[in-house]
Amino acid sequence: MSTVEMTIPRAAVVPPAGVNRLFAAGAADLASHLARFGPAPLGIAPGQLLGELEASGLDGRGGAGFATWRKLVAARTSAGPTAYSAPVVIANGAEGEPMSAKDEILLRHAPHLVLDGLLLAAAVTGAREVHLYSGPVQLASVRRAIAERTDARGVILDEAPDYFVSGEASAVVSAIETGLAIPRDRRVRLAVSGLGGRPTVVSNVETLAHVALVARFGAAWFRSVGTDDSPGTRLLTISGDGVDRKVIEATGGLPLAEALGAVGLDTSRLRAVLVGGYHGAWVPASDLWVRLSSRDLEPYGARPGAGILVALGDQHCGLAASVGIARYLAGQSARQCGPCVNGLPAMAEVLARVAAGGGSARLPDEVRRLAGVVTGRGACRHPDGTARFVLSTLEVFEADVRAHLAGYCEVTRS
Amino acid sequence: MTRQSLHIDWTACDGRGLCTELLGPLLVRDEWGYPRAAGYGSDVPIPSSFVAEARDAVALCPRLALTLQEVRAPARS
Ligand code: SF4
Ligand code: SF4
């Protein structure tokens, strides 16, 4: 046996086979967790864990999809010598996106895996302060889990308010520092200067749960399911067309049609699927063979992101649905940045005029112009995400846009 | 010579447009009065011929919303 294997206490634990990984323990309690996964290898050498994470290809599951190992390395290398300059790790379970429920389900059913990942991330970065930020229901579950073990007593729990941008990384830091979950202007990366000026890692709770599994079972095991560019498993929240926010664990790179079919959606009766949530993009029903991977989704302007799929049934008008979402997003601006506060409502209202029908043929170009005006001009990426969604609407529902401008809706036949 | 970039803190800027007076036509006002440079967002590269004006804008911005920084990787995480 090599020394490497001896440093990882794998006990008699059999790595989960197939796609049921994160919920393989079957129950939220510590005994079930330990029986299925064994103890977290908290003594693992930082270099070894970082190497496994890099080889695993694990990316962030909060939306941005940033490589996990890079984030941890950045905080580790920015660390100073004192407690005041030691890194901070924050598990982010805020999930402000209304169409997402996977982080809540994960924290309620597998809190120990998230705590393991959080403690491992803390160990690997040399963090002296560890937080978990989420809604009250999720925190109650985490609190019960912490009470069952002795190594997680130091985890500070912070309650996240329930609105769209409350999970944005700088809003998370701001919430913990000041109690106000609003994004901040950032001139330096959080990994260099975040909470109280310390190097800070804000990592999605699902990402951390995967860290806990990679630390135990290694990168090769992680990659044994999924595709090359979307390895491992990924939690998906699927809703729409009669399905109310179902969470599944799916193999990476799953074709959209299979993911939708898995929750019982009839894919022959769909108009389009919104991939990546309200900051995501539409994929038309003709293209449901597309896989949930960055490579396949790129032409649509979408990303697997936080694994959100919203199906739009063919009895609905894509434009009308999009106006509702654009207005919602405009109302979720944290009201700090001029271009966002003014530009998002303006953009939503011009889109609404397109949908209302019979308007000027110049309206779609005005929507595009406003999208260009707001993009990149906020303290957070809310304007960018909203603009991306609106541009995707104009592109994927182009035929509907033309019909509406001509005073006719193909769906409602009015 | 290091390249300079002007960072706009949108949470502070109130769009009164003093910077656009100093830095036009590099910076223009959008329809609500907020500074905008074609093709750029919160970080606007400043050509050397505009560095003096950019310094003035930083010093005179009533909301302290502007900073001049040396160009590095994008300041996001
Ligand atoms: S860009 Fe919009 S949502 Fe983001 S901080 Fe500024 S006002 Fe708030
Ligand atoms: S001078 Fe300052 S507050 Fe005024 S528009 Fe320019 S950046 Fe904004």
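What fraction of the DSSP beta bridges in chain A is antiparallel, stated in percent and rounded to the nearest 5? Could you put the intermediate results ahead of the total?
Values: 20 of 38 bridges.
DSSP beta bridges in chain A are roughly 55 percent antiparallel.
If you rank B:ARG55, B:ARG16 by how much accessible surface each has, with a 1.4 Å probe, what is the order from largest down? Please report the intermediate quantities before stating the final value.
On the way: B:ARG55 135, B:ARG16 175 Å².
Most to least solvent-accessible, the answer reads B:ARG16, B:ARG55.
Explain nothing, just the number: relative contact order of chain A, from Cα pairs under 8 Å at least 6 residues apart, as a whole percent. Mind showing how you got there, number by number?
Details: 851 pairs, mean separation 63.0, N = 414.
Reported as a whole number, the value is 15 percent.
Could you work out the relative contact order of the stretch A:318-405, using alpha carbon pairs under 8 angstrom and six or more residues apart, expressed as a whole percent?
Working: 107 pairs, mean separation 31.6, N = 88.
Relative contact order here is 36 percent.
With the alpha-carbon atoms as the only input, what is the per residue convex hull volume for the protein assembly as shown in Å³? Before the final figure, lay out the partial values.
Numbers: hull volume 73.7 nm³, N = 491.
Normalising the Cα hull of the protein assembly as shown by residue number yields 150 Å³.
Placing +1 on the Cβ of each Lys and Arg and -1 on the Cβ of each Asp and Glu in the protein assembly as shown, which of A:GLY385, B:VAL28, A:TYR163 has its Cα farthest towards the positive end of the resulting dipole?
It is B:VAL28.
Restricting to Cα pairs below 8 Å that are 6+ residues apart, what does the relative contact order work out to for the stretch B:4-70? Please round to a whole percent. Could the numbers behind the result be given before it?
Details: 104 pairs, mean separation 32.9, N = 67.
Relative contact order of the stretch B:4-70: 49 percent.
Under the rule of at least 5 residues apart or a separate chain, name every residue whose amide H is placed under 5 Å from the amide H of A:LEU254.
Distant-sequence amide H within range of A:LEU254: A:LEU292.
About its Cα centre, how strong a charge dipole does the protein assembly as shown have in debye, to the nearest 20, once Lys and Arg get +1 and Asp and Glu get -1 at the Cβ? Before the final figure, lay out the partial values.
Values: 48 positive and 48 negative charges, 122 e Å.
In debye, rounded to 20, the protein assembly as shown gives about 580.
For chain A, can you list the cysteines whose C-beta has no other cysteine C-beta under 4.7 Å from it?
Taking the Cβ cut-off of 4.7 Å, the unpaired cysteines of chain A are A:CYS317, A:CYS380, A:CYS409.
For the pair A:ALA67 and B:TYR40, what calculated FRET efficiency results from E = 1/(1 + (r/R0)^6), where r is the Cβ-Cβ distance and R0 = 25 Å, to the nearest 0.05?
Numbers: r = 26 Å, r/R0 = 1.05.
Calculated transfer efficiency: 0.40.
Once the dipole of chain A is set up with Lys and Arg at +1 and Asp and Glu at -1 on Cβ about the Cα centre, which of A:VAL247, A:ILE325, A:LEU180 lies farthest towards its positive end?
My answer, from the dipole projection, is A:LEU180.
Please calculate how many Å² of accessible area the protein assembly as shown carries per residue, with a 1.4 Å probe and no DNA, RNA or ligand atoms counted. Please list the in-between numbers first.
Numbers: 20110 Å² over 491 residues.
Dividing the accessible area of the protein assembly as shown by its residue count gives 41 Å².
Cut-off 16 Å, label point 7 angstrom out along Cα-to-Cβ of A:ARG335: give me the residues of the stretch A:163-202 whose amide nitrogen falls inside.
Counting only backbone N, you get A:163-166, A:180-183.
FRET efficiency for A:ARG269 and A:ALA79, Cβ-Cβ distance as r, R0 = 56 Å, nearest 0.05?
The pair A:ARG269/A:ALA79 has a calculated efficiency of 0.55.
Out of the GluC sites (Glu not before Pro) in chain B, which ones are loop residues according to DSSP with at most 15 other C-beta atoms within 10 Å?
Details: sites: B:GLU21, B:GLU31, B:GLU53, B:GLU70; in loops: B:GLU31.
Answer in residue order: B:GLU31.
Ratio of alpha-carbon Rg to the 2.2 N^0.38 Å globular estimate for the stretch A:201-329, to two decimals, please. The partial results should precede the final answer.
Numbers: Rg = 15.2 Å, N = 129, 2.2 N^0.38 = 13.9 Å.
Normalised by 2.2 N^0.38 Å, the Cα Rg of the stretch A:201-329 equals 1.09.
Can you check what the Kirkwood hydrodynamic radius comes to for the stretch B:4-70, Cα pairs only, in Å to one decimal?
Details: mean 1/r = 0.0874 Å⁻¹.
Answer for the stretch B:4-70: a Kirkwood hydrodynamic radius of 11.4 Å.
Within the accessible area of the stretch B:4-70, what % is carbon and sulfur when the probe is 1.4 Å and the other protein chains stay in place? If you can, show how the numbers build up before the last one.
On the way: 1650 of 3290 Å².
Looking at the stretch B:4-70 in its full context, I get 50 percent from C and S.
Name the trypsin sites (Lys or Arg not before Pro) in the stretch A:100-183 that are in a loop by DSSP and that have at most 15 other C-beta atoms within 10 Å, would you?
Numbers: sites: A:LYS102, A:ARG108, A:ARG128, A:ARG143, A:ARG144, A:ARG149, A:ARG153; in loops: A:ARG128, A:ARG149, A:ARG153.
Counting only loop positions with at most 15 other Cβ atoms within 10 Å, the trypsin sites (Lys or Arg not before Pro) in the stretch A:100-183 are A:ARG153.
Please report the carbon-and-sulfur percent of the accessible area for the stretch A:233-313; probe 1.4 Å, protein heavy atoms only, DNA, RNA and ligands left out.
Details: 1270 of 2820 Å².
Result for the stretch A:233-313: 45 percent of the exposed heavy-atom area is carbon or sulfur.
With a point put 7 Å past each Cα toward its Cβ, work out how far A:ALA399 is from A:ASP29 in nm, to one decimal.
Taking the two extended label points, one gets 5.6 nm.
Long-range amide H contacts for A:ILE308: which residues qualify at under 5 Å (H placed 1.01 Å from N, peptide plane, sequence gap of 5 or more or a different chain)?
Here the answer is A:THR237, A:GLY276, A:GLY277, since their amide H atoms fall under 5 Å of that of A:ILE308.
Could you size up the charge dipole of the stretch A:318-405 around its Cα centre, putting +1 on the beta carbon of Lys and Arg and -1 on that of Asp and Glu, and report it in debye to the nearest 20?
On the way: 10 positive and 7 negative charges, 48 e Å.
In debye, rounded to 20, the stretch A:318-405 gives about 220.
What list of ³J(HN,Hα) values in whole Hz, one per residue of the stretch A:266-280 in order, does the Karplus curve 6.51 cos²θ - 1.76 cosθ + 1.60 (θ = phi - 60°) give from phi, with Gly and Pro shown as x?
Along the stretch A:266-280, the couplings run 7, 6, 7, 10, 10, 9, 6, 10, 8, 9, x, x, 5, 8, x Hz.
Calculate for the protein assembly as shown the 222 nm mean residue ellipticity that helices alone would give, adding -39,500 (n - 2.57) per DSSP H run of length 4 or more and normalising by residue count, nearest 500 deg cm²/dmol. Spell out each step's value before the answer.
Values: 18 runs with 193 residues, N = 491.
The helix-only estimate for the protein assembly as shown comes to -12000 deg cm²/dmol at 222 nm.
For the stretch A:318-405, what % of the accessible area comes from carbon and sulfur atoms, probe 1.4 Å?
50 percent
With label points built 7 Å along Cα→Cβ from the Cα atoms of A:ASP365 and A:TYR328, find their separation and express it in nm.
3.2 nm
For A:ALA281, what residues show an amide H to amide H distance below 5 Å, using hydrogens built from the backbone and excluding near sequence neighbours?
A:VAL275, A:ARG303
Chains B and A: buried accessible surface, both sides, probe 1.4 Å, rounded to 100 Å²? Display every interim value, and only then the final one.
Working: alone 5310 and 16810 Å², together 20110 Å².
The summed interface area works out to 2000 Å².
Which ³J(HN,Hα) values in Hz, rounded to whole numbers, follow from the phi angles of the stretch A:339-348 under the Karplus curve 6.51 cos²θ - 1.76 cosθ + 1.60, where θ = phi - 60° and Gly and Pro get x?
Residue by residue, the stretch A:339-348 yields x, 6, 4, 8, x, 5, x, 4, 5, 4 Hz.
In nm, give the distance between the simple-model label positions of A:ALA140 and B:VAL71, each being 7 Å from the Cα along the Cα-to-Cβ direction.
Spacing of the two 7 Å Cα→Cβ label points: 5.4 nm.
The values are calculated or read from the model by the stated rules, or taken from the named source; none is laboratory data. Remember, predicted model here, so these are calculated numbers, not experimental data. Every residue, glycine as well, gets a Cβ built from its backbone with ideal geometry; the counts of neighbours run over all protein chains shown. Heavy atoms of the whole protein, side chains included, go into the accessibility calculation; ligands, DNA and RNA do not. Shrake-Rupley method; radii C 1.70, N 1.55, O 1.52, S 1.80 Å.
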